[in-house]
1. Under a crude label model (7 Å from the Cα following the beta-carbon direction), how far is E103 from T36 in nanometres?
2. Can you tell me the length gained on complete extension of the stretch S79 to E56, counting 0.36 nm per residue apart and subtracting the Cα distance?
3. Rounded to whole Hz and in sequence order, give me ³J(HN,Hα) for region 45-52 from the Karplus expression 6.51 cos²θ - 1.76 cosθ + 1.60, θ = phi - 60°, writing x for Gly and Pro.
4. With every atom except the alpha carbons ignored, what do you get for Rg and Dmax of region 31-140, in angstroms?
5. From the backbone phi of region 87-103, what are the Karplus-calculated ³J(HN,Hα) couplings (6.51 cos²θ - 1.76 cosθ + 1.60, θ = phi - 60°) in whole Hz, Gly and Pro given as x?
6. Rounded to the nearest 20 Debye, what is the dipole magnitude of the chain about its Cα centre when Lys and Arg each give +1 and Asp and Glu each give -1 at the C-beta?
7. Using alpha-carbon positions, what is the distance between the centroids of region 91-140 and region 31-85, in Å?
8. Relative to the compact globular guide of 2.2 N^0.38 Å, what is the alpha carbon radius of gyration of region 21-69, as a ratio?
Amino acid sequence: DNNMEEEKVLRPIVCTKVLVWNPDKTKFLMLLRGKTAPHGPLTWDIPGGDVEESEELIASAVREVKEESGLSVIEPITSFVYLDRQPDETVLTIFYECVSNSEEVNISWEHDEYRWLTYQEAKELKTRPKIEAFLKNKFL
């Protein structure tokens, strides 16, 4: 039935992304997505992912940082919101910021590499439009 189809498109998928600063707040963490990543293969990203059913947004942000980098972070602060409307889905991304107490990263199977970077370094890398929009908003 057509109405249900419309309903699905209107209800966004919610995901969180986290700008994780190193302890002295000079550089932030970027992760290189693997070539088999479902979205943005071989692009540079920041930790994050889909919010699970009945999961609090901040809990999702903290969990994704832990899963993708091994870093434990506390109290991420909301920084930016990005709405991406595609014909088949709408994705609402909530960006957070926090400071890590360590630079010891253990990436997950989802990523091939990590780097701690300044904005000047990060903006030279290939990223997805929402990451580029967030970084420009934050640093420019």
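1. It is 3.2 nm.
2. Difference between extended and current length: 6.6 nm.
3. Per residue, the Karplus-derived 3J(HN,Hα) values read 9, 10, x, x, x, 5, 6, 6 Hz.
4. Expressed in Å, the Cα Rg and Dmax of region 31-140 come to 13.7, 41.
5. In residue order, the calculated couplings are x, 9, 6, 10, 10, 9, 10, 9, 9, 10, 9, 7, 10, 8, 8, 8, 10 Hz.
6. Charge dipole, the chain, about its Cα centre: 680 debye, nearest 20.
7. 10
8. So region 21-69 has a normalised radius of gyration of 1.28.
A short reminder: the numbers here are calculations on the coordinates, not readings from a lab. Just so we're clear, the structure is a prediction, and the values are computed from it rather than from any experiment. Glycine also receives a Cβ, built like all others from the backbone with ideal geometry; neighbour counts cover every protein chain displayed.
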